[in-house]
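All remarks here apply to the structure that follows.
The values are calculated or read from the model by the stated rules, or taken from the named source; none is laboratory data. Everything numeric in this text was worked out from a predicted model, so none of it was measured. As a convention, Cβ positions derive from the backbone with ideal geometry for all residues, glycine included, and neighbour counts pool all protein chains shown. Quick note on the areas: whole protein, heavy atoms, side chains included, nothing else; ligands and nucleic acids left out. Shrake-Rupley method; radii C 1.70, N 1.55, O 1.52, S 1.80 Å.
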Amino acid sequence: MATTDSTIISGPADTRPIARRLAGLRLRLRGWLIARGLGNWLVWVLGMLVVSMVLDRWFRFDLSQRAILLALMAGAAAWLLWRFLFRPLGQRVSDDALLLEIEDRYPQLAEALISGFQFQRDQGAASASRSPELAAAVIRDAVRRAGEVDFGSVLNQPGGRINFIRLVAGGLLAVALGIGVLSGGFLKTWFRRNLQLAGDQWPRATVLEIIGSVDGKIIIPRGLDYRQLVEVTSGSRVKIADVDLEVDQGGEKTLQRMKPTGRQDGREHVLVFHSIAEECRIRALGGDDVTEWVDLVLVEPPAVESLALSVVPPAWTGRSESPLDGPGPYAVVSGSRLKVDLMANKPLRSAGLSRDDQRVAMQSSPDEPRRFLASLPDSAAGGEAVLAGVAGGQYMLRLTDDLGLANIREFGFEVRVRENQRPTVRASLLGISGLAVPNAHVPVLWSAADDFGIQSMALNCRWFDETSPAGSRIVPVDGFQGGPQVGDCPESVAVLELEPLGLQPGQTLRFQAMATDAALPEPLSGSGREFLIRIVTEEELLSDLLRREIEQRGVFQQAYDRQLELNSQLKEAVAALSAAADRPRAERELESRLLGLYRTQRTIGTSCSAVGDRFDEFLVEVANNRLDEQNLALDPERTIQSRFENEIIQPIRQLDEILVSDAARQLDAMKRLVADSVALDTAVTGTAAIQEQILESMRTILAAMQSSENFQEAVNRLLEIRRIEQNMRKEIEKSGGANDDVFDPIDGDK
């Protein structure tokens, strides 16, 4: 309904006095509504605060629960404020409604007020049924009657007093609450917990503390076992209590009983999480205390993603920096530097290497926060340490990330410092036995190996008269070019000439191949096996050679005897087959015997070849000792070289490679012809013919050996006679007598 304030017109009769009284009534109505709305609102708000006190004190809500409760209370308070205050104040009450309320309160007015207001509102409108005089009279009557009544009586006076009392009481309670909060104690704890959402705790006999919590979080490595400790604080009145740990993982809560550790006078409790892989939150419950929720934040622990090691050898080795591959341990030469290049799985705060009680900090790379570098020894350690090189031992990596977590898994490497080793030398004699003449040359097959190269190579010679030292000399190996760049020296032949040493028959020569490396400042030398050679005359060496020649003839004679026996066995085996009553069984036995004969034939060939090899060695020894020079002087056609080569060695080679090999093949083929009598007879005849040739050839070789031995024995006797003659001449010369016509000259003497 529209208001009448803007439609009242001036004149001798109007309703302005009524309008003014209506405005005052409206103002009092607003105050009544405000008092009622605020009073009701305060009652409800104080009631909700009391409920929150009771709930939190009884149930000890956690932060999230208190936040939810605060949000609900704030929402409810806002809604109640709108419901009790703003919505009533927002409703406009018309003048007609107020006048009707007054008319209803005072029935004696007989609707005079509402009629006067209506006539006042319609005064300017033309009306055929209403005169102006009548309208003015009605208006004046309304004004007169309005003055006789109290407009304020239409308001609920008792209700207004109740609203005022409720408002004052609520305000006083709010003030008292504020004073209580400021004064501390229970109300302050409630206020900070429920309105400020602080971490204050209610007074309690048992106070629990989750060890490791910082700002409501505990940072732990992912995937490892984790021990969570909860301690009853020393200030608790009740220190011994059962403690449970509530775990909230994705909304699923579980309660687990913690075990006392026995430390802190029984106040410490523990619960182990095995291989924790998902984040969760925990809180402890024990006695009358419930802690706040603490988040377990999982992070990847720092770890080594890759590790590259390289060694810088000392300058004297002539080697450049090289990587160290494999799992280790890593052997480095003394004086080397070690470079460490570490790549972590995440950015780190620091990284270091530790060995025993020593620690070396690694430097971070400016381009990659996950990369750290170090050089061992640390240049900051001083010049002496750098010269000494990296120290041996077990090096462990210590990593720390930005959160302060250290590496869980141990990671390191072992360095073994290897001092410079002596060169390794291998040597053997070529064509020299334990005897040699004073002018012999001794071939030595040698090889040497060293980690850092062979600088020089020599033969260390010493000779003795029986047991007394007679002389020594270091003989460099001709043509050897060493240096740091040389590593393993391949096999090579060095020739030791005995004539410059001035050795005499009867002396003993000891010598070794010796190699010196390129190490600085003190090169090391290594030696091979020691060789022992007795110096003898040509006659003694030829006699020893004759002895060994006779031994080889005996070996060859044994081979000849086995060949004779082999021929007989073949004939017996074939004859047994012909006379056998059980042909199949006899054939099987013959096959077995032929296999044995085949192996025997091969063994005979091997023995003959070994004899030929030994005579080859005799020839080399003869050449190294220059023995053929004597034979050349006696009989140029019958030198050792010609006798051995033409009469013994070549026939033995032909015997082994042609005749013995043919006989073995025939015996092998004969095994497959046992069932065919005709073919077997033909094969037996052919094999027997070859074996006869073998025997004939072996008899010829044996005869040549015997002839060579006889000739050599004659030569040895002749040389002995010459030596006796020379000794007698020397004795005569010493006594001062003439000797030209005492002895006839021997052929070959000059």
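Computed from phi, the 3J(HN,Hα) profile of the stretch 224-240 under the Karplus parametrisation 6.51, -1.76, 1.60 (θ = phi - 60°) reads 10, 5, 10, 9, 9, 9, 10, 10, 7, 4, 5, x, 5, 6, 9, 9, 9 Hz, with x in place of Gly and Pro.
Under a 5 Å amide H cut-off, with hydrogens placed 1.01 Å from N, I408 pairs with nothing among residues at least 5 apart or on other chains. For the peptides 695-701, 583-589, the ranking by mean Cβ contacts within 10 Å, running from highest to lowest, is 695-701, 583-589. Based on DSSP H segments of at least four residues, each scored -39500 (n - 2.57), the chain has a per-residue ellipticity at 222 nm of -14500 deg cm²/dmol. Charged side chains reduced to their Cβ positions (Lys and Arg at +1, Asp and Glu at -1) give the chain a dipole of some 7900 debye around its Cα centre.
Quick check: the angle from helix 112-121's long axis to the longest principal axis of the chain, C-alpha only, nearest 10 degrees? Roughly 70 degrees, rounded to the nearest 10.
For the chain, relative contact order (Cα pairs under 8 Å, six or more residues apart, normalised by length) works out to 7 percent. For every other residue with a beta carbon closer than 11 angstrom to the beta carbon of D378, add +1 if it is Lys or Arg and -1 if Asp or Glu, then tell me the sum. After counting each charged neighbour, the total is +2.
Using the Karplus relation 6.51 cos²θ - 1.76 cosθ + 1.60 with θ = phi - 60°, the per-residue 3J(HN,Hα) values for the stretch 159-174 come to x, x, 5, 5, 4, 5, 4, 4, 5, 5, 5, x, x, 4, 5, 5 Hz, with x marking Gly and Pro. Less than 5 angstrom separates the built amide H of C280 from those of L296, all sequence-distant by 5 or more or on a different chain. Under a 5 Å amide H cut-off, with hydrogens placed 1.01 Å from N, F61 pairs with nothing among residues at least 5 apart or on other chains.
For the peptides 529-536, 152-159, 439-446, the ranking by packing is 439-446, 529-536, 152-159, with the highest mean count of neighbouring Cβ atoms within 10 Å listed first. (i) 3, 15, 24, 25, 19, 11, 4, 1, 0; (ii) 2, 8, 8, 8, 8, 8, 7, 7, 7, 6, 5, 5, 4, 3, 3, 3, 3, 2, 1, 0, 0; (iii) 3, 12, 19, 20, 16, 12, 9, 6, 3, 1, 0, 0: which one is P(r) over Cα pairs in 10 Å bins from 0, in percent as calculated from this entry? It is the value labelled (ii). Taking Cα atoms only, the orientation of helix 132-146 departs from the longest principal axis of the chain by about 70 degrees.
Sorted on the mean count of surrounding Cβ atoms within 10 Å across their residues, most packed first, peptides 562-570, 550-558, 600-608 read 600-608, 562-570, 550-558. Only protein heavy atoms count here; on that basis, with a 1.4 Å probe, L100 has an accessible area of about 100 Å².
Within the shell of other residues whose beta carbon sits under 9 angstrom from the beta carbon of S236, the net charge comes to +3, with Lys and Arg scored +1 and Asp and Glu -1.
Which angle from 0 to 90°, rounded to the nearest 10, does the C-alpha axis of helix 95-105 make with the longest principal axis of the chain? So the helix axis and the longest Cα principal axis differ by about 60 degrees.
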